[in-house]
1. Per residue of the range 18-25, what does 6.51 cos²θ - 1.76 cosθ + 1.60 with θ = phi - 60° give for ³J(HN,Hα)? Whole Hz please, x for Gly and Pro, Karplus curve as stated.
2. May I ask you to compute the full-extension gain from LEU72 to PHE22, defined as 0.36 nm times their residue separation minus their alpha-carbon distance, rounded to one decimal in nm?
3. Using θ = phi - 60° and the Karplus form 6.51 cos²θ - 1.76 cosθ + 1.60, what ³J(HN,Hα) does each residue of the range 58-71 get, whole Hz, x for Gly and Pro?
Amino acid sequence: MIILILKISYIIKMEVKKFFQFKNYKLYNKIGSGAFSEVFLAIKDKSDDAYAAKLEPVNSKHKLLEYEFKLLRYLAFVYF
């Protein structure tokens, strides 16, 4: 499973159900999905900050998450 984690700047109100632990994050409810990946609510352990964790299967034909990560990193460097 490949995971991309992005900080959420707005509050999501929902009943949370624990999904699984990934490093310093607890992944909860699915908050979105698409053709190639799923997005889960992720909470960082020590700070309780909310993030969106996008998951893509490792055996996916289309490695779009890796491309998306590189694009976001490039845009952050260029515009910030």
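1. 4, 9, 6, 8, 9, 6, 8, 10
2. On the way: separation 50, 0.36 × 50 = 18.00 nm, distance 2.14 nm.
Contour length minus the Cα-Cα distance gives 15.9 nm.
3. 4, 8, 5, 5, 9, 8, 6, 5, 5, 4, 4, 4, 4, 5
Since every read-out is calculated from the coordinates, none of them should be taken as a lab result. Just so it is clear, the structure is predicted and the values come from calculations on it, not from any experiment.
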